[in-house]
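Asker: Structure in structure tokens, see below.
The numbers here are math on the coordinates, done by the rules we state, and not lab data. Note that the coordinates shown come from a computational prediction; the quantities given were computed from them, not determined experimentally. Cβ atoms come from the backbone with ideal geometry, glycine included; neighbour counts cover every protein chain shown.
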Amino acid sequence: MNPYLAGIMLGLVLLSAMFFSGRGLGASGGLKYAVVATVEAIHPQHVRESQYYSKYFENGEHPLTNWLALEVLGMFLGGFLSGAFSGRLTFKIEKSPKISNSKRLLFAFLGGVFFVYGAQLARGCTSGAALSGMAVLSVAGFLTMIYIFGSAFLFSWFFRKLWI
């Protein structure tokens, strides 16, 4: 896809999200809501007694009905349908021929864990803190994007042997 067209479409999606929900885009919080719902399903008494977990169930609300959880569900569903309709729905592991599938999956999982953990510390991911933040000209949004790209550039030097 043409990157300029993709940028315009992404901007329209962001504008629509702000218009209809009153908030920008974000994805890392959706995982947090899924974890909270999972903890509640496994150990409801712990959730009721925990100051942190109990706030997600105030006023009879459930974490999986939060807009972030629904947004992430929509992203998975939309990606699946897009792949299915375009004939690109296959299971494939992108990796260097020098590493095994299990090593690639392990590093992908660890990278995802560290990214989501960092996103929670930063109170937002690339979508929420950087993209939505930059859309409203937030200094924090620009700094977030600089640090995301800077750390990716730094760590790519250490992990490049996994790809080349």
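Asker: Whole angstrom only: what separates the Cα centroid of the stretch 134-164 from the Cα centroid of the stretch 40-116?
Answerer: Here the two parts' Cα centres lie 22 Å apart.
Asker: Between Ser54 and Ile93, what length in nm is gained on full extension when 0.36 nm per residue of separation is reduced by their alpha carbon distance? Kindly include the intermediate steps, with their values, before the conclusion.
Answerer: Numbers: separation 39, 0.36 × 39 = 14.04 nm, distance 3.88 nm.
Fully extending the segment from Ser54 to Ile93 adds 10.2 nm.
Asker: Please return the longest stretch of the chain lacking exposed loop sites, where GluC sites (Glu not before Pro) count only if DSSP places them in a loop and at most 15 other Cβ atoms lie within 10 Å.
Answerer: Numbers: sites that count: Glu61, Glu94.
The longest such stretch corresponds to 95-164.
Asker: On to the next question. At q = 0.17, 0.19 Å⁻¹, what log₁₀ I(q)/I(0) does a Debye calculation on the Cα points of the stretch 1-90 give, no solvent, two decimals?
Answerer: Debye curve over Cα of the stretch 1-90, log10 I(q)/I(0) at q = 0.17, 0.19 Å⁻¹: -0.85, -0.96.
Asker: Kirkwood hydrodynamic radius, the stretch 91-164, all distinct C-alpha pairs: what's the number in Å?
Answerer: On the way: mean 1/r = 0.0728 Å⁻¹.
Across the stretch 91-164, the inverse of the average 1/r is 13.7 Å.
Asker: So if I place +1 on the C-beta of Lys and Arg and -1 on the C-beta of Asp and Glu, and nothing else carries charge, what would the dipole magnitude of the chain be about its Cα centre? I want it in debye, nearest 20. Mind showing how you got there, number by number?
Answerer: Details: 13 positive and 6 negative charges, 163 e Å.
With Lys and Arg at +1 and Asp and Glu at -1, about 780 debye.
Asker: Restricting to DSSP loop positions (anything but H, G, I, E, B) with no more than 10 other Cβ atoms inside 10 Å of their own Cβ, which chymotrypsin sites (Phe, Trp or Tyr not before Pro) remain in the stretch 57-164? Don't skip to the end; give the middle numbers.
Answerer: Working: sites: Phe57, Trp67, Phe76, Phe80, Phe85, Phe91, Phe107, Phe109, Phe114, Phe115, Tyr117, Phe142, Tyr147, Phe149, Phe153, Phe155, Trp157, Phe158, Phe159, Trp163; in loops: Phe91, Trp163.
Answer in residue order: Phe91.
Asker: Now, a different point. Reachable lysines from Lys95, Cα under 17 Å, same-chain residues fewer than 8 places away excluded?
Answerer: Cα-Cα hits under 17 Å: Lys103, Lys161.
Asker: Work through the residues other than Ser54 whose Cβ is under 10 Å from its Cβ and net out their charges, Lys, Arg +1 and Asp, Glu -1.
Answerer: Net local charge, Ser54 excluded: -1.
Asker: Across the chain, where is the longest run that never hits trypsin sites (Lys or Arg not before Pro) in a DSSP loop with at most 14 other C-beta atoms within 10 Å? Working shown, then result.
Answerer: Details: sites that count: Arg23, Arg88, Lys92, Lys98, Arg123.
Excluding the exposed sites themselves, the longest stretch runs over 24-87.
Asker: Just name one of Ala6, Leu143, Ile99: the one whose Cα is farthest towards the positive end of the charge dipole of the chain (beta-carbon charges, Lys/Arg +1, Asp/Glu -1).
Answerer: Ile99
Asker: Using the reciprocal of the averaged 1/r over all distinct C-alpha pairs, how large is the Kirkwood radius of the chain in Å?
Answerer: Value: 18.4 Å, from the Cα pair sum.
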